[in-house]
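Notes follow the structure.
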Amino acid sequence: MIRAIVMDDEPLALINMEKKLKEFNSIEVVRSFTTVKDLLAVGPTLDFQVAFLDIEMPGLNGLEIAQLLKEWDKNIYIVFVTAYRDYAVQAFEIHSLDYLLKPISKARLETTINRIQELLHLENKPNPIEVRNKPALTIQCFGGFVVLHNDKAVHWRTLKTKELFAFLLSNLNSHVPRDTIIEALWADTECKKARVQLHTTVSYLRTTLSTLGYSEVIQYANGCYILQLEDFQCDAHDLEHILNGKTETGKIDVERAEALVQNYQGEFMTSLDYPWITSKASFMNNKFTLLLHDLVEHYTAIDDVEKREHILLLTVEHTPYSDKIIQQLMRHYIEVDHRAGAVKVYNNFKSILMTDLGILPKLETTELFNAISVE
């Protein structure tokens, strides 16, 4: 429940504002004031989170009262209610939450109240960083391969040490045959020499990880190596956990998925020229596409067209040759009555296909474009 005070020097305007606020079950008017004297006498003892203030009042005006309230409690939200536009700039200089012009519609007031609820929810929501410490080891796989320890880049003894870690991380918690590793990392090296180099590189990697506090995380048994890591953060593994959670519960963890998408830097290990990367990259990039698809479905279900458009555009960037995605984006623009956007998307797609692949869009995509053109 939002606790509010209301102040207006005109009694009828005050009663009208109270009446409008009482139409919402989420807000409680704890006290109303018509004079600064009453506010000064009672206000400091009240527990409230937001003040609805008229601006044009005798004595102290609403702007001055807002500054006074902020001195009492800097976290109080200020909403100005006035018939004049002239004070808007001054109002927002005081960091007011909103500026409502009389007469106020219920829909406009609802927007303000919803915003207050969102801000109060964020204030009361525990900070994940405060609840648990951020893992010391963080790994970015999308857009490259960056390994940080306490926000500092990890120093690798050799380039092969880094590549071996990337390879084992891509097969985390799986027993990988020694010969499979050699074939992936030392395919052009004589077998006996390759085994020596693998043994040396494993030793370097164990030493590096040990200095970071990860001892005995690489084991060798029955001709296989296995990397077992705990207490670390990795975007690729976050992706897999999100998708696994969707499979188990039928629902996507939207907050976690949005965070992953927001930090997206590009395709899986895209900057690495490792021979073994191709198949793994294709697999992980397809998983990221699935995540984007799930987000599009979610935003469609809740009718959030703005976020849906953002994710569709990112999906097109991620998979530029997909007729299916282009059709989704075109239909989105048709739905929001932005047919020019749909036409532009089709023309760009056709140009890319012809330039890069020498082919035309599929018949269904072209028919969708023709339908728009006819209309």
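Quick rundown of the values:
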read-out	value
Helix runs (DSSP H) in the chain reaching 24 Å along axis by Cα, Kyte-Doolittle at least -1.0	106-124, 191-211, 277-301
Diffusion constant of region 137-232 at 20 °C, which comes from Stokes-Einstein with the Kirkwood Cα-pair radius and 1.002 mPa s, µm²/s	156 µm²/s
Cys141, Cys191 arranged by Cβ crowding within 10 Å, fewest neighbours leading	Cys191, Cys141
Lys/Arg +1, Asp/Glu -1 at C-beta; the chain dipole; positive extreme among Thr111, Met17, Leu209	Leu209
Pairs of alpha carbons in region 16-115 whose separation is greater than 21 Å (percent)	29 percent
Cross-link partners of Lys362 among aspartates and glutamates (Cα-Cα below 19 Å; sequence separation of 8 or more within a chain)	Glu317, Asp323
Straight-distance crosslink candidates among lysines, where the alpha carbon sits under 17 Å from Lys162 and sequence neighbours closer than 8 are dropped	Lys152, Lys280
Rg/Rh for the chain, where both radii come from Cα atoms and Rh is the Kirkwood radius	1.13
Of the trypsin sites (Lys or Arg not before Pro) in region 1-74, those whose Cβ has at most 12 other Cβ within 10 Å and which sit in DSSP loop	Lys74
Calculated FRET efficiency for the pair Thr278/Lys102, C-beta based, R₀ 56 Å, to 0.05	0.30
Cα lying deepest toward the dipole's positive end in the chain, options Ser170, Val42, Leu368, charges on Cβ	Ser170
Intensity falloff of region 211-339 expressed as log10 I(q)/I(0), Debye formula with alpha-carbon point scatterers, at q = 0.12, 0.15, 0.16 Å⁻¹	-0.58, -0.83, -0.92
Average Cα contact separation per residue, the chain, under 8 Å, 6 or more apart, as relative contact order %	10 percent
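No value in this document is a laboratory result; all are computed from the given coordinates. Everything numeric here is computed off the predicted structure, so don't read it as measured data. When we count neighbours, we look across all protein chains shown, and the Cβ atoms used for this are built from the backbone with ideal geometry, even at glycine.
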